[in-house]
Every structure is written in structure tokens, then in C-alpha cells.
Amino acid sequence: MSDLRTAFRSLRAAPLVSLIAILSLALGIGANTAIFSIVDALLLRSLPVEESERLVVMREGEGRSSWTNPMWEQIRDRKGLLEGTFAAGGQRFNAAPSGEVDLIDGLFASGAYFEVLRVRPVLGRTFTTDDDRRGGGPDGPVAVISHVLWQSRFGGAPDVIGRTLTLDRVAFTIIGVTPRGFFGHNVGRRADVFVPLGTEPLVRGEESALDQRSYWWMTVMGRLKPGQSAEQATAALRATQPSIREATIPPRYRPQDAARYLTGPLGFYAAGAGTSSLRQQYQRPLLALTAVVAFTLLIACGNIANLMLARTSARRHEFAVRTALGASRWRLARQLLGENVLLSGIGAALGILVAMWGSRLIIAQISSGDSVVYLDIGLDWRMLGFTALIAITTTILFGVAPTLLATRVPPMDAMKEQGRGTSSTRAAGFAGSLVLAQVSLSLLLLVAAGLFVRTFVGLADVALGFVTERALVVNVNAQRAAVTPADRYALFERVRAAALAVPGVTHAAIAVITPSSGMQWNNDLEFPERPDLPEDQRIVNFNYLSPGWFETMGTRLIAGRDFDTRDRLGGTRVVIVNRKFAEKYFGGASPMGKQVRTVARPDEPSVALEIIGLVGDAVYEGPREPLTPTMYWAMAQEKEATSRVSLTVRTTTSTPAALNRSLTAAITGVHSDLSVSFRPLEDYLDAALAQERLIAMLSGFFGGLSLLLSALGLYGITAYAVIRRRAELGIRMALGASPAGVVRLVMSRTGALVLG
């Protein structure tokens, strides 16, 4: 303890050097801890359930991992494959009674979900297979809520069991609360409400996916039997695969599609860490950032080693006096190591604060308006252990060398140095090597940061083909409205007219898919003029639109006309195509008046489509994807409209969100059971570039930080050189050397180090 008190007084005696060292350590340790906390939560940590290593997920090789409910029912009915199985699919539930939505992320899960995961409630009970019946079990529709939702929405009330939670206008009885820290099997997404799979038709109504063989939306997982391996489970699954596949072939599949479906190899794969689409997306960027922050910490260690070396050199006379008075070399080393330990401890403590702030900032950058990312990055033993390990490592890296160099000089030599200001070149050479390493690493990081930033800027500058400013996307859901699918388009047209009547709205139009939303709908076509076109070259992106959509979006109409009142159900089927479509399928010639055909399906004949318009190319799925041939259909010509559409409005205000309340009133005035949510069009683009923006931002930050640390390292070596040559420089000035000449002399060595 006395050594630490002495170390504290010593550090307080040199506040500038101590502050620089502590801040350097705090940033270096904080950055590493922040990245580690995210890597740990997303890539390394197992699900917080018993024997998570026995969990497996069903996939088709390295490909498909989402399944239809008919496929799940086939797996469920084969009891001997695993000890237990479950299926679950994500759902955003609307807890608002009407108007603007109040969204809760949750899951539809089969009855054995909690049993297989071995999750026990902290209150009430979890649902079982008896609750998982179509329309609800003996207690009606039931729900299990997360600990977070229990605290935030119900104030942690102990009588929450038995209360009603309304989800998409359906009343669910709360029967249980999950343990703190459990949010489902899908890492990166937080499920706050779990409802039995059998209640899905109550929520989705006529759009229920339970009997659809071509609606891929569920994850199928299970628990291995004691002593069973994933390979053994896969072998058992593939033995039954032919009958499973045969019973679940989608009805619209062509013979070649059905053949591929029947032969796709099913298998069970380790899933102790849960499933995560976020993990697949960010695994490589996070590992790259881990290397970047490790280099940054090395630079910080080198920087502090130089600062401590310069400060130790200035104290050689002090150490000589202490030695002359009887202090042992070990006593001096212990004092210096105590100072290093104290620096590391303070730096680590501040680093934890930096890490907690930084990790939350990173998660906020990954999240988007309709896709909130959740990772458990709270302060726990893993985070503290990692921080302690870094602190110990940095103490060794920047503390040992200065200590050894300081205590190796004999007292008489140190006393002589006090007079003449020279010493062995060993310390100078060591310090110079550190600076060279720092400069090299910082340049490497700056070059990498420049490449990442250039990639992001390039994507951000992509010509979108539409205008994002002053545009608001209103997602309208008519699922609970008592309107038949055949009458929905007329309802949506009334909604569009109501939105146009809101003061501040200049244009309004409807589409099924919003550009840059990440959604995609494509299909293949037949081209009478090119019958020999390969099958994989006939795939085209689609979208359904109302009249006025291109004008609302700011997409240029090159030739022909937009959709209008002539394009209605029963008339000639018409489409509008983009320039890429014309270039690929018509050699750049005008496509106006030409026809293409839909591909005939077992339950759907081929339909001729007349091209009436040509528009400019526009980003479809996202800016990182290349521009592709795209075809736009008239929504009014469809027999049945989807229950969810995107109403894009162009406004006169620079803050379109200011119209949310007025638009909600106008839309619900058309039909009170419509649900609406709002999102600026710019947010879709921001979300599409989240990965590139995050990497560019962090690499730029760490590149700049490494440059700053290297500059501090240069300061340390320069200060050290001046201390060593103080007597020499004084003699030079006494003999007539100018101050500028002395500065040039000192800076020449610094310049040589940088250029080296």
C-alpha cells in the first residue's frame, strides 16, 4: 500500500505526463473492451439456457435456414429425431388499439419452445403444447412476456398474471414472465412477447401462413439426446427426408424447381449460441475491427512506454541518490512498477466507462427504425475479466522496459549524467524503435481507414434514381380492417386521396415495396423475341404501384406514360420497365408496345404484359446492390391487394415527421381499423448503409486516434532526447548556436524517425 501511495504522489508530481498516459490507456482499453463486448455478445456467448451445447438448428447445408409451417409439422411429428424440437418465427406485434402503431417485437413459437430450451419463468408459467392449438388452447390465446416488458409496461406488478395484452387487436392472457436476460433464441433481436404458434391465424387472419407451403418464415431448432451428435441426428433426418420433402412441395413449383427442392440436403447443425442473421452480416467486419483496435492498443502501449522512458530518464539522478542511500534495485523497480500498475488501473477504470458508452453507440449505429438491435452488453465478469487482462498486458508492455533501463544504470554513471546530460544510446535506440513501430502501425490503420471511408462515400454517392429529401413513408396495415382483399385497393386509393388533402403534402402514391428497404420480390418471365434466353437470365425484380408513384419518388419517366384510370381490373395488363430492362432484353431499343409474358405455373396460366412506359434506373433492394432489370405493375389490375402497403408522401416541410399526427388522423378517418407507422425515406437509405457507415466511422476514428497517439509518442521521444542532450545543447548555445539551429538539430532526429 505504501508503494501505491508513493506512486500516486510521483504521478501527481508530473500531471501532464500522467494525464496523457491515462487518457491514452482509457481510449485504448475502452476501444478494445467495447469491441470485445459486442463480439462476445454476438459471436461467442452461448444462449442463457441449460446445456446450450446440445441445441441444434435445421439448415439446408450452408443455405436455407427458414422453413414453412408444413415443413415444421413434418419434423414435429417425427418424435425420434431429437430429444425435443420447436419452431419459431419473428413478428412485430401492434399493441395500439388503433391509429399509429405501438410495436412490440415478439415470436410465434410452438408449444415445446420453452421446454426444449429449458427456460423456466420467474412468474406464472410458460405455454405448452396444450396451448398451441389453432385458435388458442383451453385458456384461450395466451402470452408469455419478457422481464423487460414486465418492468417497463406493467411496472413489475406481481399481479400481471391473468392480465390482458392486446396484440394486433387480439386479446392475449398473460400467463408467465421469462427470466431476466432471456429474449429468445435469435441473438441480436429482443423478443418481448411469446405467443403460441397456433394463435397465428388470429393475428394474421386470412393471410395466415400455417397452411402455406411457400411461406418461408420459421426457424426449426431442437435438443440432441444425451450422447447423440449432430452428425447422428443429421443421418436420422436425411433418412426421412424424401417423405418430408414430398409432403411439403409448394404447389406452384415447376418440375425443375420441385426437383431442386426434393434433393436439397437437410441437416442439424450446432446452435448453442443461438441463431442470428446479424451475426452473419457483421461477423467479418467485427473481426476486422478487433484487429484494428488491437493495433491501436499496441500504439498506445508504445506511446506510454516512450513517455515513461522519458520521465524515467529525467529521474536518473533521483534514482542514483536513492541507490547511494541504500535503496536496492528491486526497491526502485517496485516503485516504478507500482506507478505503472496505478496508471493501468485508472486507465482500465476509465476504459470501462468508454467501453460502455462506445458499445452502445455502435449498437445504435447498427439499429434502424424498424430493426432495433439488442445485445446484452452489461457489465459482467467476462467484460471485467477482459478489461483486467488488457490492463495487466499493458502494464507488462509499457512498464517492464522503462523499469529495466532505469535500474540498470550504475549510480556513479547516473550522477555523471546529471552533470553532462549524456547517457547510453541503448534507451534512445529502444525509444526510437517504439516510435518507428507506432508510426508504421498508425499509417497502416490510416490507409485502411481511407479505404473503408472511400467505400462508404462511394455507396453514399450512388445515383439512387429517386429523391429522398422531404419524403415520408407511411406503412399502412389493413389486416384488421373488415375489408375483403378485392376491395383493398379501393380503400388504399381513398387513403391516398386523404393523405393528399393534408396541408403540406404535395404528392402521394402507393407501392408494395419501398426502395432500399432490403425487401425483394422477383420472378422469371418469358420473352417471345428471345425464346433461347437462359432461365437464370430471365429473373426480374417486381413492384406494384399506384398512379403517380414515379412523380412522387422523383424517378424520371423517359418514354410512354404512367399508370392511370385506364389501367383497371379486366383491362389489358400493362407494365412499366426501367432502362436496365430495356438494355438487357431489347438491346437498348425502345420497349414501348412490346410484350412479355409471365411464366405458366401449375395453378396459374401465362399472362401477356404490354409495356407502356420506360423509366430511369433506380436502386431497388439497396445501394450496395447493382442496378437490375425492374418491372412495375399496376396495383389496380390485381384481383386481390395485399393488406400492407407503403404510402410515400412528398412534403413541403424539411421535417416530414411533423406531419405524422395529421396523416394519422386523415388515414384513420378513412377506416378506423387501419394501423400506420412512419419512417422518413432517408432512413431506409441510412439503414441500408449501416454496415459500411459503421466500419468507416470506427476505422476513421481509430485511424485518427492512432495518429494522435503516435504524435504523443513523438513528443515523448523528443522530450527524452532533449533531456539527454540538455548539457550539450546548452554548450552549443553558449558557443553561439542560434535557438532555430538548436530546434533544427533536435527536430532532425524526429524527422528521420518519421521518414524511416
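Of everything in the stretch 548-569, what is touching a residue at least 40 places away in the same chain (Cβ under 8 Å), part of a loop (DSSP other than H, G, I, E, B) and either closer than 19 Å to Ala600 by Cα or not hydrophobic (A, V, I, L, M, F, W, C) (or both)? Give them in sequence order.
Residues satisfying the conditions are Gly548, Gly554, Thr555, Arg556, Arg561, Asp562, Asp567, Arg568.
Which of the residues that make up the stretch 69-94 are among the polar types (S, T, N, Q), within 21 Å of Ala239 (Cβ to Cβ) and in a helix (DSSP H, G or I)?
Gln74
If we scan the stretch 642-653, do we find a residue that is open to solvent by less than 10 Å² (accessible area, probe 1.4 Å), of a type in the set (Gly, Ala, Ser), within 30 Å of Val170 (Cβ to Cβ) and touching a Gly at 6+ places or on another chain (Cβ under 9 Å)?
Among the residues of the stretch 642-653, at least one is open to solvent by less than 10 Å² (accessible area, probe 1.4 Å), of a type in the set (Gly, Ala, Ser), within 30 Å of Val170 (Cβ to Cβ) and touching a Gly at 6+ places or on another chain (Cβ under 9 Å), which makes the answer yes.
Return the residue satisfying two criteria in turn: it lies in the stretch 321-370 and is open to solvent by 30 Å² or more (accessible area, probe 1.4 Å), assigned to a helix (DSSP H, G or I) and among the polar types (S, T, N, Q), and of such residues it is modelled with the lowest pLDDT.
So, considering only residues that are open to solvent by 30 Å² or more (accessible area, probe 1.4 Å), assigned to a helix (DSSP H, G or I) and among the polar types (S, T, N, Q), the one modelled with the lowest pLDDT is Thr323.
Let me confirm something: among Ile723, Ile667, Ile717, which residue is open to solvent by less than 20 Å² (accessible area, probe 1.4 Å), at pLDDT below 80 and assigned to a helix (DSSP H, G or I)?
None of the others qualify; the one that does is Ile717.
Does Val473 satisfy the condition of being under 30 Å from Val203 (Cα atoms), under 26 Å from the mean Cα position of the chain (by Cα) and either of a type in the set (Lys, Arg) or at pLDDT 85 or above (or both)?
yes
Just checking, how many residues over the stretch 157-182 are closer than 28 Å to Gly99 by Cβ and in a loop (DSSP other than H, G, I, E, B)?
5
Quickly run through the stretch 113-150 and pick out the residues that are aliphatic (A, V, I, L, M), open to solvent by 40 Å² or more (accessible area, probe 1.4 Å) and either in a loop (DSSP other than H, G, I, E, B) or closer than 23 Å to Leu55 by Cα (or both).
Once the filter is applied, which keeps residues that are aliphatic (A, V, I, L, M), open to solvent by 40 Å² or more (accessible area, probe 1.4 Å) and either in a loop (DSSP other than H, G, I, E, B) or closer than 23 Å to Leu55 by Cα (or both), the stretch 113-150 yields only Val122.
Mind checking which pairs have a first residue in the stretch 474-490 that is part of a strand (DSSP E or B) and a second that is charged (D, E, K, R), Cβ under 9 Å, 6 or more apart or different chains?
If the second residue must be charged (D, E, K, R), the pairs left are Val474/Arg679; Asn475/Asp370; Asn475/Arg644; Asn475/Arg679; Val476/Arg644; Asn477/Asp168; Asn477/Arg644.
Restricting attention to the stretch 440-466, and to residues there that are in a loop (DSSP other than H, G, I, E, B) and exposed (fewer than 14 other Cβ atoms within 10 Å of the Cβ), which single residue is farthest from the chain's Cα centre (by Cα)?
Ala463
If Ala636 meets every condition in (1) farther than 24 Å from Arg496 by Cα; (2) of a type outside the set (Lys, Arg); (3) part of a helix (DSSP H, G or I) apart from one, which number is that one?
The number of the failed condition is (1).
Which numbered condition in (1) open to solvent by 50 Å² or more (accessible area, probe 1.4 Å); (2) closer than 16 Å to Ser646 by Cβ; (3) of a type in the set (Lys, Arg) is the only one that Arg556 fails?
(2)
The values are calculated or read from the model by the stated rules, or taken from the named source; none is laboratory data. Since we're looking at a predicted model, the values are computed, not measured. Counting neighbours? That spans all protein chains shown, and the Cβs are built from the backbone with ideal geometry, glycine included. Quick note on the areas: whole protein, heavy atoms, side chains included, nothing else; ligands and nucleic acids left out. Shrake-Rupley method; radii C 1.70, N 1.55, O 1.52, S 1.80 Å.
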